[in-house]
Amino acid sequence: MLTRVRGEERVSRLCDARNRWKGYPYMPRTRVRKSVLLPIIGVSAVALVAGALVVSEPADADANMTAFGVTADELDRLQREKKVAATEAYNIWKAEQDRIAAEAEAARVAAEAEAARVAAEAEAARVAAEAAAKAQAEADAKAAADRAAAARKSSRSSARAAGPVASGSPREIGLQMVLARGWSEGQFGCLDSLYQRESGWNPNAHNSSSGAHGIPQALPGSKMASHGSDWATNPATQIAWGLDYIAGRYGDPCGAWSHWQAKHWY
């Protein structure tokens, strides 16, 4: 009878240890009815139950399992297998996480590359548009300058065809020539201010240091020979040359006068 009771207690402790290792709710040991325990009492029944247990983490369960025929080496083997299985599961999870991260990084790099390509194309288009606009503006400016030069040339040709007015004082001749070119009396006012400061309308004015001569102070005076051999003394010849010079370089007398006011030469 004593042997049977001890066997019952050992089986009860073994069941408690198994339940705690597997996470089952702990069931307090109670006295088990003899009629239930009798079929499993014996060495063979105890060995069968002990062999079905997985390694227990609590120390008392390990002691009980060792006591019922599970050796310490077997317990170590089972624990190593458990660690290997956990390591394999972690490695699989880690590999999947790495794969997802690599795909996300590849997508980010591809998106950045596409954004850079779009930005480069936009910048190239902007530069090309600016270059085209600049070229067009330059072409328009050149065409306008060519038209203005042609108009001035035509005006000079018309004035030459009409011939200089050789009557009156130099100022009167200058006014008549200005009006003959289609310029206003206001333009003559600018011309008057300019020539008053250059020569005082004196056709014989000569700058001995520079060689400038005549009413427009041509430098050298011989430039005026293109408008007549009497360039040295004839105010009409000098004024005709001076108006052509002003029209070609400044557009009109007021343009020449503005330059003179800023630089004190024209």
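Values quoted throughout were computed directly from the atomic coordinates according to the rules given, and no laboratory measurement underlies them. What you see is a predicted model, and the numbers here were worked out from it, not measured in a lab. Note: ideal-geometry Cβ built from the backbone for every residue, glycine included; neighbour counts use all protein chains shown.
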Ranked by how many other beta carbons lie within 10 Å on average, peptides 88-96, 227-235 from highest:
227-235, 88-96
From the backbone phi of segment 172-178, what are the Karplus-calculated ³J(HN,Hα) couplings (6.51 cos²θ - 1.76 cosθ + 1.60, θ = phi - 60°) in whole Hz, Gly and Pro given as x?
5, 4, x, 4, 4, 5, 4
For MET177, MET224, order by how many other beta-carbon atoms lie within 10 Å, fewest first:
MET177, MET224
